[in-house]
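The values are calculated or read from the model by the stated rules, or taken from the named source; none is laboratory data. Since the structure is predicted, the reported quantities are computational estimates derived from the model, not experimental observations. Quick note on the areas: whole protein, heavy atoms, side chains included, nothing else; ligands and nucleic acids left out. Shrake-Rupley method; radii C 1.70, N 1.55, O 1.52, S 1.80 Å.
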Amino acid sequence: MKLDVDVLRYLSKDDFRVLTAVELGMRNHEIVPTELIDRIARLKHGGTYKVLKNLLKHKLLHHDSSKYDGFRLTYLGYDYLAIKTMVNKGVFVGVGRQIGVGKESDIFEVVCEDGTVLAMKLHRLGRVSFRAVKSKRDYLRHRSSYNWLYLSRLAALKEFAFMKALETHSFPVPKAVEHNRHCVVMSLVQGYPLVQVKQLQNPETVFETILGIVVRLAEHGLIHCDFNEFNIMIDDDEKITMIDFPQMVSVSHRNAQMYFDRDVECIFKFFRKRFNLSFQESIDDNDDSDEGKDEDGRPCFSEIERSAGFLDKELAASGFSRKDEEDIQRFIEGGAEAETNSDSEVDLVEDLNESILLQDEEHENKGKDESCEAAESGASEREDATDEEENEMENEAELTKSLNKQRRHAIAATRRGRKSLASRNSYKDKGGRSSHNSKLQKQLSGW
């Protein structure tokens, strides 16, 4: 969706209040009910419904009434929330032209209050061109449910963290300024993508520099995973800057070697096709620097030593497990050297033997204790069984007595309450129609 910020200047506080209410409701709902939006926004006199109609007209929200009446944020509405927050923080004051489009993001120029031009990257995961995010990226980790806005936010957060860490370790990356939601603001690189460059003054030097960045990243524990001519910027002085970091993984990842070899292959293939670079000549010129490389001059992943640091641990890169962290801590504390010491091995064996003997003694003592406990428990169980039998007999005798007593009371009660049928009928007919008829018959017979 095209970003048009002209509408942004005409939106009121109530509009942003309703947008924020929909964003909060989307934490638990794919489609936020209208009643819930009204309760969260708390606008007076039913103003929420009027604002929803206005936001729907500008395509900041999407209406869905298939199951129930509700709304959800669009990417344009999410853009407006992020841009409004950045403007309120004073990061920038204006949005300029679009300078880049990718399968996962859009990049725009923004201007600060002092006139400095920065780059704003808006992550847009879920496009038709790239929807296999769950299988190709590790943004979700252990989560099972997700939506595209939440994934874009995770991607922006991860990219900002990697950019900050790489800048601290003097890697050629843009300077990270600020991030909010799915938006990342960084310094604008004055250069061109390497894919647009047709000629270079020193292609061999540029090639060695790019290859050195890949190896240096691996020494710090990271692999770019998308290191190609589209993610490498070069300026007029042939200075290299790498971009696009959300997909970075650790060298401990199960597919780390495949990703590393793929990045190296992309560089070799591009320079061979574009600049007709012969790698055998460059290898002969640099015989001293061939350590850790194969016959074709490609760096070997297995021979790279992690001597520069553990950025994958600091950033919790994909593939860096808890076991790797424990190994690093043991290495830092000097546990690896202690394990190689022969004296410590002898002490370890002696301690192990002592522990085995102690365990055997414990098992024997435990067996004796168990046998004594079993005998005592058997005697106590027999005593309990006899007591229980006596109690049961007493209870049965008392129960039979109480039942007989209740039976006698019931028989007596039924006998006392029984009346003859004749007396019952005479009582009913007393003063009734039957007695009156009998009197009349007696009088007639007397006449």
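Over segment 1-89, what is the relative contact order in percent, taking alpha-carbon pairs closer than 8 angstrom and at least six residues apart?
32
Carbon and sulfur atoms: what percent of the 1.4 Å accessible area of segment 1-89 do they account for?
Answer for segment 1-89: carbon and sulfur cover 50 percent of the accessible area.
Give the shape of segment 1-89 as rounded, prolate or oblate, defined through the alpha-carbon gyration tensor: a ≥ b ≥ c are the square roots of its eigenvalues, a/c under 1.5 means rounded, and otherwise the shape is prolate if a/b is larger than b/c and oblate if not.
In terms of gyration-tensor shape, prolate.
Working out 0.36 nm times the residue gap between Gln201 and Cys300, then minus their Cα-Cα distance, what length gain in nm do you get to one decimal?
Taking 0.36 nm per residue and subtracting the Cα distance, the gain is 32.8 nm.
Find how much the distance from Glu219 to Tyr10 grows on full extension, using 0.36 nm per residue of separation minus their present alpha carbon separation; answer in nm with one decimal. Walk me through the numbers on the way to the answer.
Details: separation 209, 0.36 × 209 = 75.24 nm, distance 5.10 nm.
Stretched fully, the Glu219-Tyr10 segment lengthens by 70.1 nm.
If I stretch the segment between Glu398 and Val87 completely, what's the gain in nm (0.36 nm per residue apart, minus their alpha carbon distance), one decimal?
Separation in residues times 0.36 nm, less the Cα-Cα distance, equals 103.0 nm.
Considering only Cα-Cα distances, which of the following residue pairs are longer than 19 Å: Lys13/Lys50; Lys164/Lys313; Lys103/Lys198; Lys13/Lys89?
The pairs that break the limit, which is 19 Å between Cα atoms, are Lys103/Lys198.
Taking a 1.4 Å probe, which of Phe301, Phe260 shows the most accessible area, and what order do the others take after it?
Largest to smallest exposure gives the sequence Phe301, Phe260.
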